[in-house]
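S.K.: Got a structure for you, questions after.
The values are calculated or read from the model by the stated rules, or taken from the named source; none is laboratory data. Predicted model only: the values in this text are computed from it and were never measured. FYI the Cβ positions are ideal-geometry reconstructions off the backbone, even for glycines, and counts take in every protein chain you see.
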Amino acid sequence: MRFIHTSDWHLGRLFHGKHLTQDQSYVLDEFYQVVKDTKPNAILIAGDIYDRAVPPIEAVELLDDTLARLLLDQKIPVIMIAGNHDSAQRIGFGSKLLAGQGLYVTGQLTNPLKPVVLTDSFGDVYFMPFTYAEPSLVRSVYQRDEWLDFDGAMKFLVQQSLQKIPQGVRKVALAHAFIAGGQESESERPLSVGGSSNVSAGSFAAFDYTALGHLHNSQQAGGKEICYSGSLMKYSFDEANQTKGINIVDMDRSGQLEIERISLKPKYDVCKVSGYFADILQNREKYPIQDDYMMVSLKDRQAILDVHGQLEKIYPNLMQIERPYLNIGGELAKERLDYRTKTELQLFDDFFRQMTDLELSQEQKQTFATNLDELLLKAREGKS
């Protein structure tokens, strides 16, 4: 059985105010060519298909076109799950009808869990789609009274799923989760504001391969058989040094794996440069003209007139300028706090302290986190 593992397409993404749909279409054309060349038996998409619950129409059309080419032109089954950016209800619309065409979509959490069974020359392979679900949703759908965190919820769902899979068959899991110890990126939205969203890699020990989504950096998570494919493209400047792509997995009759990493090259890369303003303007050997999406970090301490306009001559797709050494009021800007790196809870904690001169209590933090998690869940489903 050969299958492709991909995730975190984030169709409809904005990058520093620029719509990336055309860039995503370019990369998906490249992805389609890889599919044609490698001829997999299935394609797994492990969540965050869209970037938000109600995606722009251009993103919907791009997904429709991509899936049509995979299913109708190449006749390759596609199994995909909702991620924390997706609306589970919208992603799962028409799933029963679409399954007849080879598109197996799991949006909302169901009781019982339902595997997708595909067959090769060695027999059946059971693909178990664990759509993204908050612990509170798991408790509600399965009518459980006991408290569950993300790790407990995933372990419970895995136990439930194994009851639907015969002994001795090959098994593949799809999940959208944060495996403890994984390398994060700035462009990922936290799965939970309060409490730990970590899931232990051991939860998936029973599966021959686990196709993960959520973390944007391609990586193993506790073993070579538990993998993040990474995002379709680079969605933040801290991903500049990452290589984006997909996993091609070959599974033999006993479930042994051969995994090949295939890189995808975007039309415009995401790059960072650092230096002095005059040097960047004049030194073409060290700072060549680039059309890529650029962030420039200037080492100059003094003010510079029309810095963006001048740098655009070198970098037409200049997205961000950092001035970490700029003198303001006698202090270096790099010594000030960067609030972009703080979570919503940390920001509210700072605001509360400034307004009241008091620290948030643990109970207040939990109340804020619980309410914000509920609001984020409503936002994910597009509810007011």
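S.K.: Any residue at all in segment 37-52 that is among the aromatic types (Phe, Trp, Tyr), part of a loop (DSSP other than H, G, I, E, B), in contact (Cβ under 8 Å) with a residue 24 or more places away in the chain and assigned by TED's automatic domain parsing to the domain that holds Phe237?
M.R.: No: zero hits.
S.K.: Of Lys171, Lys155, which residue is of a type outside the set (Ser, Thr, Tyr), modelled with pLDDT of 95 or more and over 30 Å from Leu72 (Cα atoms)?
M.R.: Lys155
S.K.: May I ask you to verify whether Asp291 is outside the structural domain of Asp120 (by TED's automatic domain parsing), within 30 Å of His85 (Cα to Cα), free of Cβ contacts under 8 Å to residues at least 40 places away in the same chain and surrounded by fewer than 16 Cβ atoms within 10 Å (Cβ to Cβ)? Working first, answer last.
M.R.: Numbers: outside the structural domain of Asp120 (by TED's automatic domain parsing): yes; within 30 Å of His85 (Cα to Cα): yes; free of Cβ contacts under 8 Å to residues at least 40 places away in the same chain: yes; surrounded by fewer than 16 Cβ atoms within 10 Å (Cβ to Cβ): yes.
Against the criterion (outside the structural domain of Asp120 (by TED's automatic domain parsing), within 30 Å of His85 (Cα to Cα), free of Cβ contacts under 8 Å to residues at least 40 places away in the same chain and surrounded by fewer than 16 Cβ atoms within 10 Å (Cβ to Cβ)), Asp291 qualifies.
S.K.: Continuing with the same structure: Could you grab me the full set of residues in segment 142-192 that are under 27 Å from Phe15 (Cβ atoms) and not in a strand (DSSP E or B)? Explain how you work it out, then say what you get.
M.R.: Taking segment 142-192 as the starting set, the residues that turn out to be under 27 Å from Phe15 (Cβ atoms) are 174-179, 182-192.
Ala177, Gly182, Gln183, Glu184, Ser185, Glu186, Ser187, Glu188, Arg189, Pro190, Leu191, Ser192 - these are the residues of segment 142-192 that are under 27 Å from Phe15 (Cβ atoms) and not in a strand (DSSP E or B).
S.K.: Within segment 237-253, track down each residue that is touching a strand residue (DSSP E or B) at 6+ places or on another chain (Cβ under 8 Å) and over 21 Å from Leu174 (Cβ atoms).
M.R.: Answer for segment 237-253, where residues must be touching a strand residue (DSSP E or B) at 6+ places or on another chain (Cβ under 8 Å) and over 21 Å from Leu174 (Cβ atoms): Phe237, Glu239, Ala240, Thr243, Arg253.
S.K.: Another question, then. Anything in segment 356-380 that is more than 30 Å from Leu137 (Cα to Cα) and modelled with pLDDT of 70 or more? List them, or say none.
M.R.: First, pick out the residues of segment 356-380 that are more than 30 Å from Leu137 (Cα to Cα): 356-359.
Scanning segment 356-380 gives Thr356, Leu358, Glu359.
S.K.: Residue check: is Leu70 out of contact with any Lys or Arg (no Cβ under 6 Å at 6 or more places or on another chain) and within 24 Å of Tyr228 (Cα to Cα)?
M.R.: Taking the combined requirement at face value, the residue satisfies it.
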